[in-house]
């Protein structure tokens, strides 16, 4: 256990941040899954729309420090590549 006031405060803060970051990550994953589901169905229009909604959600994750910017770029790149391949 923490022996200092600042360490106790840090434990409380970390717990709050974990909740917030965990929720945001979960939300990002949900948006990515929607794109993947549309790709699986072969519905190009729905996949493009889902990707259009997922991209800002991933960008928010980068801005909030939940994921690295290169991770976001890689995910968007791979998803858009798969959407583009639907002909």
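Mean separation of Cα pairs under 8 Å and 6 or more residues apart, divided by the residue count, gives the chain a relative contact order of 28 percent.
Modelled spin labels at residue 82 and residue 12, positioned 7 Å past Cα toward Cβ, are 4.3 nm from each other.
Peptides 7-19, 54-66 ranked from most to least packed give 54-66, 7-19, packing being the mean of other C-beta atoms within 10 angstrom over each peptide's residues. When Rg and Dmax are taken over the Cα atoms of the chain, they come to 17.4, 62 Å.
Coordinate-derived values only; no laboratory data. Since the model is a prediction, treat every value here as computed from it, not as a measurement. Methodologically, a virtual Cβ is constructed for each residue, glycine included, from the backbone with ideal geometry; neighbour enumeration extends over all protein chains shown.
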